[in-house]
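The structure under discussion appears below in the form of structure tokens.
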């Protein structure tokens, strides 16, 4: 088999720095390549890719004029402008691990760190072009959506001894295709056979994914825990563990592992969306807001940028702010950021359908500022204008707003409609879990969590100890990181003249939980004084001698 690389190929260079462009063009010409185009911005590169099929694209990551290299490559793939038979080499002076992990997830053919010499470039280019030229029939079948035929060709190529240099790649392709074609039993046998030969990282992660699909959870978990300790498999292993833990309803653990994966590769918006969903299930409003914020940040200039991302960031900001003291510095900062999101929607997008959703958010902002009557009236006025084509997230936010201001009947009706809609449309399992939880919790509360706490304080002050205890406990369930509510519940358990009617075991569990939340949280000066008095009055509960 002829392993020489033909130089009669079309190459596209994408780099906004003229000096870098000149150096790359000079290097390629010196290596014998002549058909070279240059683009200095992503949009120009997209137009060029619409007119011709390149054999190789060399792209700088740090493009500043609009989309960066990451976003460009993502869009080229999504729009079918980059075929699998086209090589793609990223070049970047930035080798921060979070960037490298994010780029590797997009699966370019090579990642070349600056500065580099012509020899480095030559080795990478030849390696990529040899691979693309030799496996072109397989890539064309995959581009045409024929994975079954591609698998047949892969098996044929594996039978040829002349292809020994490409065996590792062909074997990896075979494993991917078996999973894509849902041939799970065959995939398990194949990956095990590969691991008997050599501990290929791709075979180990492939086996773990297959075991999950076959519901062999304990075997999968054991393997995945090993793979989290290896840099090349850690990211995928964390994703798989989180998936398994969600399936087993271990939501806190799933969020922890997904959060670790998001820290490694923060630009994966689907992972950030899953993290947002999990944090909502866990009532972790700060992480929910951070995930929404990351989605806005990394979508800017990309094909993903849309008003819904800004709306969801504003909604997450309100959810988070409702857990804080109204005049808290962080609450005020959130308020400014929420208004900035709404301003961005008005300035950058012309989608009038989002005007209604912005008014719902304005109502929630009024409620956040204790203007409950104005918020209630605004939502009543909006009831007649509710669109029929709003998204599930739009409808959910309206249901939450109605509940917060005390319009329980229309809120419950809307929650039921959303639930039925999820069943019809086959909603994401994480969203469905969150919706069910939200529906149940709000059905047990006559108003929002902040008011629930305030009402509990009122009950406590008027001697309704048992009712105060129930209200504080419910408030803590929906705001499980609130040190202020934990302090109120702890004080009710320890200091009420008539102790809540709960058994000793449950009481002890609640006390330990409250202490843990308080110690990890933040109390204002007045709350700290109350906490200190409780310590002095009940030293046995605080580990004091």
Complete set of residues in the stretch 412-434 that are over 17 Å from the mean Cα position of the chain (by Cα), more than 20 Å from residue 448 (Cβ to Cβ), free of Cβ contacts under 8 Å to residues at least 24 places away in the same chain and surrounded by 13 or more Cβ atoms within 10 Å (Cβ to Cβ): 419
Single residue of 533, 470 found to be within 28 Å of residue 330 (Cβ to Cβ) and either part of a helix (DSSP H, G or I) or in contact (Cβ under 8 Å) with a residue 12 or more places away in the chain (or both): 533
Candidates 327, 239, filtered to the one that is part of a loop (DSSP other than H, G, I, E, B) and either at pLDDT 95 or above or farther than 17 Å from residue 221 by Cα (or both): 327
Answer residue from the stretch 100-113, given it is outside any helix (DSSP H, G or I) and free of Cβ contacts under 8 Å to residues at least 24 places away in the same chain and is surrounded by the most Cβ atoms within 10 Å (Cβ to Cβ) among those: 109
Residue selected from the stretch 201-225 under the condition free of Cβ contacts under 8 Å to residues at least 12 places away in the same chain and part of a helix (DSSP H, G or I), by the criterion surrounded by the most Cβ atoms within 10 Å (Cβ to Cβ): 219
So residue 129, is it under 25 Å from residue 236 (Cα atoms), assigned by TED's automatic domain parsing to the domain that holds residue 58 and in contact with a strand residue (DSSP E or B) (Cβ under 8 Å, 6 or more places away or on another chain): no
Condition met for residue 492 (farther than 30 Å from residue 397 by Cα and either buried (at least 17 other Cβ atoms within 10 Å of the Cβ) or modelled with pLDDT of 90 or more (or both)): yes
Answer from 36, 11 - the residue that is over 30 Å from residue 261 (Cα atoms), more than 34 Å from the chain's Cα centre (by Cα) and touching a residue at least 40 places away in the same chain (Cβ under 8 Å): 11
Long-range neighbours under 8 Å by Cβ, at least six apart or interchain, first residue at positive phi within the stretch 43-63, second surrounded by fewer than 21 Cβ atoms within 10 Å (Cβ to Cβ) and modelled with pLDDT of 95 or more: none
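The values are calculated or read from the model by the stated rules, or taken from the named source; none is laboratory data. All figures in this text were calculated on a predicted structure; none of them were measured in a lab. Positions of Cβ are generated from backbone atoms using ideal geometry, with glycine treated the same way; all protein chains shown enter the neighbour counts.
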